Structure formats: C-alpha cells, structure tokens
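Every number here is computed from the coordinates shown, using simple stated rules; none is lab data. This structure is a prediction, so every number in the text was calculated from the model and none was measured. Virtual Cβ from ideal backbone geometry, glycine too; neighbours counted across all protein chains shown.
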Amino acid sequence: MLRGISELVEHGAPGPAHNALTLARDLGVHGIVDRDLTSQVRAEMPTLLFPALQRGLRATAYAVRAGVVYTIGKLSFDDQAQLLRDAFEQSLDRDPLLLPRIVFELHWLMPGPDWSYVHRLTAAPHRLIRWSALAAVEAYPCAPGDDAFAQKRQTYERLATDPFEPLAAESRHRLAALLRGTEEHGSHQLVEPGLTFEAVELRFTNTLPPAADYTLEQLDAFVDSLTPRQRDD
C-alpha cells in the first residue's frame with residue numbers, strides 16, 4: 001500500500017496524489033484506523049514513503065507540494081523535519097505560498113520555536129516573500145510578556161514600514177491587534193488593510209488549475225492587478 005501511495009505522489013496527477021496523501025495520513029495517525037495497523041504502517045514509512053515525499057516536495061504542481069508539506073507535518077516524525085528545512089531553502093526565492101506552510105509544520109516537528117525562518121522571510125529581497133512572513137508568524141501562539149509575543153511584535157514593527165504599502169498596512173493592523181488590551185494599544189490604530197496575504201493566496205490559488213505551478217512573476221502580476229497603483233519592490 002505504501003509503495004502504491006508513493007507511486008501516486010511521485011507520478012500521479014494532483015487528484016490521485018491528493019487522495020494518496022490523505023490515505024497516508026489516515027493510516028499513519030493514531031486514532032483513525034486500528035492502532036496496531038497504524039503502528040505497523042508507521043514502522044515502514046521512513047523506508048517506503050518518506051523518500052517519495054522528499055521528491056514530492058519538488059513536484060511541478062503546487063497543489064502536490066502543499067499536500068506533501070502538510071502530510072510530513074501531520075505524520076509527526078520528528079526526525080523527518082530535515083525534509084522541510086531543505087524545502088524551505090529550495091522555496092525561499094520562488095514559492096511564497098508554500099513557505100508559510102513549511103514554517104507552520106516545522107513549528108510542530110521541532111522541539112522548540114525557531115524564529116530564524118520568520119526572520120529570513122522578513123529580510124527577503126522580494127516583497128511577496130517578505131509578505132509571506134505575516135502568514136508564517138501565525139504558527140506561533142503567544143501571550144503578552146512571552147518570547148513569542150515579543151517576536152511577533154518585532155516582526156510586525158519591522159514590516160510596518162515596508163515600502164510595499166499593502167504589506168505595511170497589514171503589518172500595522174496586526175501590530176495594533178496584537179497590542180489590543182495593553183497599555184500601548186492607544187498609540188496604534190486598528191485599521192483594516194485593503195488586502196491581506198491570506199486573501200491574495202485564496203484568490204490566486206482559486207485561479208490555479210490543479211496540475212499547474214506558478215512563478216514568482218505570475219503571482220507578482222496578480223498582486224499588481226489587485227493593487228494597480230501600488231507597485232513597489
């Protein structure tokens with residue numbers, strides 16, 4: 001069964017690959033099927049499934065890459081986190097839609113928060129990679145006074161002055177929302193942004209055929225069509 005799943009992930013169309021990944025998760029997560037069966041399947045996954053998932057991270061269809069990232073995180077093999085670390089490096093210059101998904105799943109696989117991934121997104125040369133940091137940072141729950149709260153605040157403050165105004169506007173809104181209820185809230189207006197990274201992702205992926213990939217230039221042009229008077233690097 002795992003060999004069949006691997007074959008579909010590597011060589012199947014996005015629909016069958018999606019179904020295969022769903023089956024892998026159902027078999028590999030305790031509580032869905034018989035516990036003994038899940039244990040037996042999980043014992044074989046590092047050898048029979050994860051090599052295919054590693055190759056699936058380079059799939060030409062964005063939908064397959066996204067499904068593979070989710071599956072690696074959901075199966076929760078801590079020793080497979082390196083697959084996602086490598087995928088982050090491969091995606092850093094070209095795949096802003098996938099990067100927050102990678103950071104989110106890494107958050108659950110690693111023993112503790114690693115903010116270096118968010119920091120690298122905020123420092124990226126391209127505006128869309130920087131914008132993806134706002135989605136990536138959501139992986140980290142926080143409370144006033146803890147390190148995650150301070151890290152989120154620094155992220156929003158840094159991006160609040162970004163030259164790309166939609167990114168800056170969303171950052172200012174997130175900063176004001178984060179500080180709501182604190183003594184500093186009054187100095188930050190809670191102004192709804194006209195466009196968010198999440199909205200861009202949803203609208204763009206709704207136009208993307210299941211078997212399609214995208215380029216940074218295509219996504220950039222799509223954002224320009226939503227913000228025709230605001231073109232900054």
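Below, the figures for the structure above:
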quantity: Region 50-139: C-alpha gyration tensor shape, a/c 1.5 cut-off, then a/b vs b/c; calculated: oblate
quantity: Tilt relative to the chain, helix 81-91 - C-alpha long axis, 0 to 90 degrees, to 10; calculated: 60 degrees
quantity: Relative contact order (percent, whole number), the chain, Cα cutoff 8 Å, 6+ residue spacing; calculated: 17 percent
quantity: In Hz, Karplus ³J(HN,Hα) per residue of region 120-136 (6.51, -1.76, 1.60; θ = phi - 60°; x = Gly, Pro); calculated: 5, 5, 5, 9, 5, x, 8, 4, 6, 5, 4, 5, 5, 4, 5, 7, 5
quantity: Under the Karplus curve 6.51 cos²θ - 1.76 cosθ + 1.60, θ = phi - 60°, whole-Hz ³J(HN,Hα) for region 31-46, x wherever Gly or Pro sits; calculated: x, 9, 10, 3, 4, 5, 4, 4, 4, 5, 5, 4, 5, 8, 4, x
quantity: 12 Å beta-carbon shell around residue 133, net charge (K/R +1, D/E -1); calculated: +3
quantity: Spin-label pair residue 22/residue 77, simplified geometry with 7 Å Cα→Cβ offset, distance in nm; calculated: 2.3 nm
quantity: Integer Hz, Karplus 6.51/-1.76/1.60 couplings in order for region 98-103, x for Gly and Pro; calculated: 7, 4, x, 5, 5, 4
quantity: Net charge contributed by nearby residues that have their C-beta within less than 15 Å of residue 62 (K/R +1, D/E -1); calculated: +1
quantity: Gain in span if fully extended, residue 35 to residue 192, counting 0.36 nm per residue against the direct Cα distance; calculated: 51.8 nm
quantity: Principal-axis tilt of helix 2-11 within the chain, Cα atoms, nearest 10 degrees; calculated: 50 degrees
quantity: Degrees between helix 147-159 axis and first principal axis of the chain (Cα, 0 to 90, nearest 10); calculated: 60 degrees
quantity: Hydrodynamic radius (Kirkwood) for the chain, which is based on Cα pairs only, to one decimal in Å; calculated: 19.0 Å
